[in-house]
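Have a look at the structure below before the remarks.
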Amino acid sequence: MNRIFLFVVLVFLVVTGKAQNVTLSGYVKDAANGETIIGANVYKQGTSNGVSTNAYGFYSISLPKGKNTIVFSYIGYQQITKELDLNEKTSLDVELTEDTKTTLNEVTISSEKENVNVKSMDMSMVKLDIKQISKIPALLGEVDIVKGIQLLPGVTSVGEGSGGFNVRGGNIDGNLILLDEAPVFNSSHLFGFFSVFNPDAVKDVKLYKGGIPAQYGGRISSLLDIRMKEGNNKKLEVNGGIGTIFSRFSIEAPIVKDKASFIIAGRRSYIDVLTKPIIKKKLPDLKDAKFYFYDLTGKINWRINKKNQVFLSGYLGQDVFGAGFRFDWGNSTATARWNHIFGEKLFLNTTAYYSNYKYFIGFKNENDQTSFDWASNIINYSAKPEFTYYLNQKNTMHFGGQTTWYTFKPGNAVVTSADGDKTKIGLDNKNGLESALYFDNEQKINDRFSMQYGIRFSLFNYIADTAYYFNDTTANTRKTLKEKRGFSQNKSVKQYNNFEPRFSMKYEVTDVSSVKASYNRTAQYLHLVSNTAASTPLDIWTPVTNNILPQIADQVATGYFRNFKENMYETSVEVYYKWMQNQLDYIDNANLLLNEEIEADLIQGKGRAYGLELFIKKNKGKLTGWISYTLSRTERKIPGLSKDEWYFSRYDRPHNMNITASYELSKRWSFGGNFVLTSGTPATFPNVKYEVQGYTVTDNTTEKRNSFRNTPYHRLDLSATLTPRKNDKRKWKSNWVFSVYNVYNRQNAFTIFFRPNENNPLQTEAIRYSIVGTIIPSVTYNFSF
């Protein structure tokens, strides 16, 4: 702790200085709906003195006393220029009006300011807005944030039907996914085919693949920061859509005009309703089958005065799947935030949140009334004060802390006999307390060179009633129990702490090009326990324990960023290398289901990932979109596995190319398309076979994991959007989206397995299993008023 204090003091002494300046501060908003604008540009005309609004639309800029010409701008909005005579600190809120004069040839897919990718400190960060994501063809025509993320360089997934995504060689548990600051542990509906985020309620999406700011921690791979809309505080607004298998509806309106507003958005699938008559007739045994999902998102905000604003937001989502059994899973979150401005330079955001991910499995025999019910949860509560201090025009400081309490319920089951007797089985709950302090400073050295440097200190206490201690054994062998020790309530079993330095720098070579570099260390005190080919809702979350060490990752990256033709084209080249410690794997034949001594089957080792990412994006014109290509390698080295040699992780895809395009043919018709081509995922296949009593048994004698690879994955999706002729007398606006997923009927292999031929058991055949093996057309009707 003393080192952190000394570091903060030294930085403060370096960056402070005397200046005869005054401060201009306030909010930048959308004039149409009152929503604050994230990343709006505020600068003194003719100088390099400028700032961008933060995640809440707030800005603070130091200016010399006297007359100043201040420009407020954001792409897609009309620029505002104000002549101000500043002799003391001044508060000024500005509303920008959308630019309706944009011609067809000037259509843009970016709401960012000019050259933001070149001039900002952010590296390995991509921002997508909903307008941009909505143009990407998707499965069954539904706008999907996670599917849009997967088209970016450095991002992959195991395949269709798998939840989550992988970033730069990390597992899916390494992604910190935040919805209005609250973590979401499962980002998918319907086994990964749709994301849990309703696009009608989302305002801003940012993905950090590296260079993660010091205020964020707890995961080692990435940060997906999703901000919800605040709600229209000018007038009533309704949005919705009717799709092939589900519909959505949202309503937002002012509670008190220009002071308080709300938004409520909901979705519900109805494939169960559509197929019920068919199932009842053709499959009477499944007449009570259930398979649907729903989610509800809501938010209220109230601006008490110019210095105080509060937000309340929440999410509730559930998947229900049952056909002779019941299988449910879902997330629920609640967030309360308070924004306060001290003076004109210090901005405080205080967040408190609740998050709960749970799943349930149930089986019931209708004949003898026996049943089996199993439930699992991970619950966390957190408080987080975050300060931003706009010291002067060259330094912006961020500091604060966070405390999170975790409750892990890995499995509680109830078995009911035919006589009605109930037997409870399960695993003990585990708890964890994670705390952190952080500080960083964004410093502008001169007009071309800037740095951002900081540190995060994290502390984790593992708390449990019972801890297990095992004997040492040979690698890849189940450990034997040495001692089972009890602990008093809230007694710490094991404590871990880590210093996590963060650094990034930017040098502007020219006005349209820059070189950036970054380093960050991240620590993760949670693990996702899964030995399946793809993540499922049944995977178990566990904290670090006296036997399981925290994951640590160190990543370095550097890149060159260059724009062409007045920001029409954005290009970037990035290379990265990531070292990972304490990566979790499993002994052969591990038992992960309701295993009290599961830690005896877990082993840890190291990992590495490195790659090259290319990104070309066209922002303006009739044809917009991007091309991304990633050349990468992801490997693990675990004692006792694969002959103690490096082996490919299950989500290693050396080549990954995505092409996304949108073409505005006219004011009524627009078209979209995306093409995906990636290497197949690694797999372990048999290399020998034996004949046993007339049957063939396959085996792998190499002892090497993932030494083979599934076939390459490629897919083409197309869409067309029809917007009816505009009628200025009607408030109703709508469009039709026609889309085709998997246009040329590619049967991509999710996995390949081997089995005896049905006609000749002595002959072995390879079976390619595809999740989506056909063309899927769809129609969606969207409306707003």
| Flag for residue 516 being open to solvent by 20 Å² or more (accessible area, probe 1.4 Å), part of a strand (DSSP E or B) and either touching a residue at least 12 places away in the same chain (Cβ under 8 Å) or not charged (D, E, K, R) (or both) | no
| said: When you scan region 127-141, do you find a residue that is within 11 Å of the chain's Cα centre (by Cα) and among the small types (Gly, Ala, Ser), even just one? | reply: no
| remark: Out of (1) under 28 Å from the mean Cα position of the chain (by Cα); (2) more than 23 Å from residue 409 (Cβ to Cβ); (3) outside any strand (DSSP E or B), the one residue 589 does not meet is (1)
| query | Taking into account only those residues within region 526-549 that are open to solvent by less than 20 Å² (accessible area, probe 1.4 Å) and over 19 Å from residue 601 (Cα atoms), which is modelled with the highest pLDDT? | reply | 537
| Qualifying positions in region 163-195 - assigned to a loop (DSSP other than H, G, I, E, B) and touching a Ser or Thr at 6+ places or on another chain (Cβ under 6 Å) | 163, 164, 165, 169, 170, 180, 181, 187
| message | Whether any residue in region 681-703 is buried (at least 17 other Cβ atoms within 10 Å of the Cβ), touching a strand residue (DSSP E or B) at 6+ places or on another chain (Cβ under 6 Å), touching a residue at least 12 places away in the same chain (Cβ under 8 Å) and closer than 26 Å to residue 170 by Cβ is what I want to check. | response | yes
| query | Going by the conditions given, is residue 226 among the β-branched types (Val, Ile, Thr) and either free of Cβ contacts under 8 Å to residues at least 40 places away in the same chain or open to solvent by 10 Å² or more (accessible area, probe 1.4 Å) (or both)? | reply | no
| note | If you go through 129, 93, 144, the only one that is at pLDDT below 90 and either open to solvent by 20 Å² or more (accessible area, probe 1.4 Å) or touching a His at 6+ places or on another chain (Cβ under 9 Å) (or both) is 129
| Residue pairs meeting the criteria (Cβ under 9 Å; at least 6 apart or on separate chains; first under 30 Å from residue 180 (Cα atoms) and among the hydrophobic types (A, V, I, L, M, F, W, C), in region 363-389; second at pLDDT 85 or above and part of a loop (DSSP other than H, G, I, E, B)) | 378/185
| Long-range neighbours under 7 Å by Cβ, at least six apart or interchain, first residue within 18 Å of residue 604 (Cα to Cα) and β-branched (Val, Ile, Thr) within region 477-499, second surrounded by 11 or more Cβ atoms within 10 Å (Cβ to Cβ) and modelled with pLDDT under 90 | 477/587; 480/473
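Each row is one residue, and each column tells you yes or no for (1) of a type in the set (A, V, I, L, M); (2) over 23 Å from residue 428 (Cβ atoms).
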{"residue": "363", "(1), (2)": "no, yes"}
{"residue": "367", "(1), (2)": "no, yes"}
{"residue": "379", "(1), (2)": "yes, no"}
{"residue": "397", "(1), (2)": "yes, yes"}
{"residue": "400", "(1), (2)": "no, yes"}
{"residue": "403", "(1), (2)": "no, yes"}
{"residue": "406", "(1), (2)": "no, no"}
| query | What are the residues in region 373-405 that are open to solvent by 30 Å² or more (accessible area, probe 1.4 Å) and over 28 Å from the mean Cα position of the chain (by Cα), if any? | reply | 373, 392, 393, 394
| query | Does residue 77 satisfy being open to solvent by 30 Å² or more (accessible area, probe 1.4 Å) and not polar (S, T, N, Q)? | reply | yes
| request: Would you tally the residues in region 487-498 being touching a Ser or Thr at 6+ places or on another chain (Cβ under 8 Å) and open to solvent by less than 60 Å² (accessible area, probe 1.4 Å)? | output: 3
| task | Could you tell me which of the residues 163, 169 is crowded, with 23+ Cβ neighbours inside 10 Å and closer than 25 Å to residue 574 by Cβ? | result | 169
| remark: With criteria (1) in contact with an Asp or Glu (Cβ under 6 Å, 6 or more places away or on another chain); (2) in a strand (DSSP E or B); (3) open to solvent by 50 Å² or more (accessible area, probe 1.4 Å); (4) more than 17 Å from residue 156 (Cα to Cα), residue 616 comes up short on (1)
| Which of the residues that make up region 75-94 are closer than 15 Å to residue 25 by Cβ, over 34 Å from the mean Cα position of the chain (by Cα) and of a type outside the set (A, V, I, L, M, F, W, C)? | 82, 88, 89, 90, 91
| query | Identify, please: which residue in region 554-608 is open to solvent by less than 40 Å² (accessible area, probe 1.4 Å) and among the acidic types (Asp, Glu) and is, among those, farthest from residue 523 (Cα to Cα)? | reply | 570
| query | Across region 603-654, which residue is farthest from residue 588 (Cα to Cα) among those that are out of contact with any Phe, Trp or Tyr (no Cβ under 8 Å at 6 or more places or on another chain) and without any contact (Cβ under 8 Å) to a residue 40 or more places away in the chain? | reply | 612
| query | Quick check: is even one residue across region 445-457 of a type outside the set (Phe, Trp, Tyr), under 19 Å from residue 380 (Cα atoms) and at pLDDT below 90? | reply | no
| Mind checking which residues of region 653-668 are crowded, with 22+ Cβ neighbours inside 10 Å and part of a loop (DSSP other than H, G, I, E, B)? | 653
| query | Tally time: how many residues in region 35-89 are outside any loop (DSSP other than H, G, I, E, B), within 22 Å of residue 450 (Cβ to Cβ) and among the polar types (S, T, N, Q)? | reply | 5
| region 62-74 - residue that is closer than 15 Å to residue 36 by Cα and open to solvent by 10 Å² or more (accessible area, probe 1.4 Å) and, of those, nearest to the chain's Cα centre (by Cα) | 74
| request: For region 253-262, indicate whether the set of residues that are open to solvent by 10 Å² or more (accessible area, probe 1.4 Å) and within 30 Å of residue 499 (Cα to Cα) is non-empty. | output: no
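The values are calculated or read from the model by the stated rules, or taken from the named source; none is laboratory data. Note that the structure is a prediction, hence the values are computed from the model and not measured. Methodologically, a virtual Cβ is constructed for each residue, glycine included, from the backbone with ideal geometry; neighbour enumeration extends over all protein chains shown. Keep in mind that these areas ignore ligands, DNA and RNA; they rest on the heavy atoms of the full protein, side chains included. Shrake-Rupley method; radii C 1.70, N 1.55, O 1.52, S 1.80 Å.
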